[in-house]
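Notes for the one structure printed next.
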Amino acid sequence: MLATNLLFEQFDRDLRRRASMPTTYYEVLVRLSEAPGRRLRMSDLADRSQSSRSRLSHTVTRLERTGWVRRETCPTDLRGAFAVLTDAGFDALVAAAPIHVESVRTHLFDQLDRHQLEELRSVSERILEHLITIQDRPPSESDLLGDLTGRHPISDTAT
């Protein structure tokens with residue numbers, strides 16, 4: 001757990017320092033950028049970003065203040081709301097993506113040789129398969145393929 005925590009803290013430090021964006025914002029912007037029309041119901045966004053509804057709501061509020069996300073009411077369910085990625089938010093994500101890719105490459109992939117990378121992939125796929133089978137929600141395509149393909153959703157650059 002220590003290695004995982006330190007790795008993700010480093011990713012967060014790199015994004016904060018070089019893109020003025022915490023990884024929590026980055027995660028939300030990525031999920032919205034992958035969605036049709038760059039919009040998701042708040043509940044779906046919370047599920048996809050593995051966040052509580054309350055925590056996501058606070059994050060979206062902060063993202064609204066930056067102009068990167070806006071909320072829209074759901075016309076068929078007035079209690080529901082959508083989070084929509086704005087053009088400014090997409091631009092911020094495009095600017096941050098290479099920084100994140102470089103951070104992942106530097107602090108994870110560059111630390112392993114080819115054999116270790118193959119082992120990491122195999123172990124990660126097995127653990128992911130197990131965890132997805134015990135989840136209450138069906139996995140999205142990006143859950144199954146996003147990180148395992150080694151492709152970044154914005155830059156399409158190998159991570």
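Consider Glu141 carefully, then state whether it is surrounded by fewer than 12 Cβ atoms within 10 Å (Cβ to Cβ) and modelled with pLDDT of 95 or more. No, not satisfied. Looking only at residues in the range 56-87 that are more than 20 Å from Pro36 (Cβ to Cβ) and in contact with a Ser or Thr (Cβ under 8 Å, 6 or more places away or on another chain), the one that is surrounded by the fewest Cβ atoms within 10 Å (Cβ to Cβ) is Gly67.
Quick grid of which residues meet (1) closer than 26 Å to Phe109 by Cα; (2) of a type in the set (D, E, K, R); (3) free of Cβ contacts under 8 Å to residues at least 40 places away in the same chain:
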{"residue": "Leu15", "(1), (2), (3)": "yes, no, no"}
{"residue": "Ala19", "(1), (2), (3)": "yes, no, no"}
{"residue": "Tyr25", "(1), (2), (3)": "yes, no, no"}
{"residue": "Glu34", "(1), (2), (3)": "yes, yes, no"}
{"residue": "Ala46", "(1), (2), (3)": "no, no, yes"}
{"residue": "Gln50", "(1), (2), (3)": "yes, no, yes"}
{"residue": "Ser54", "(1), (2), (3)": "no, no, yes"}
{"residue": "Gly67", "(1), (2), (3)": "no, no, yes"}
{"residue": "Glu72", "(1), (2), (3)": "no, yes, yes"}
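Please count how many residues of the range 24-37 are surrounded by 19 or more Cβ atoms within 10 Å (Cβ to Cβ) and part of a helix (DSSP H, G or I). Residues flagged as surrounded by 19 or more Cβ atoms within 10 Å (Cβ to Cβ) and part of a helix (DSSP H, G or I) within the range 24-37 amount to 7.
Among Leu45, Leu120, which is buried (at least 16 other Cβ atoms within 10 Å of the Cβ), modelled with pLDDT of 90 or more and part of a helix (DSSP H, G or I)? Of the residues listed, the single one that is buried (at least 16 other Cβ atoms within 10 Å of the Cβ), modelled with pLDDT of 90 or more and part of a helix (DSSP H, G or I) is Leu45. Only one entry in Leu40, Leu108, Leu32 is closer than 18 Å to Phe11 by Cα and of a type outside the set (Ser, Thr, Tyr), namely Leu108. The set of residues in the range 51-71 being at pLDDT below 95 and outside any helix (DSSP H, G or I) consists of Ser51, Ser52.
The values are calculated or read from the model by the stated rules, or taken from the named source; none is laboratory data. This structure is a prediction, so every number in the text was calculated from the model and none was measured. Counting neighbours? That spans all protein chains shown, and the Cβs are built from the backbone with ideal geometry, glycine included.
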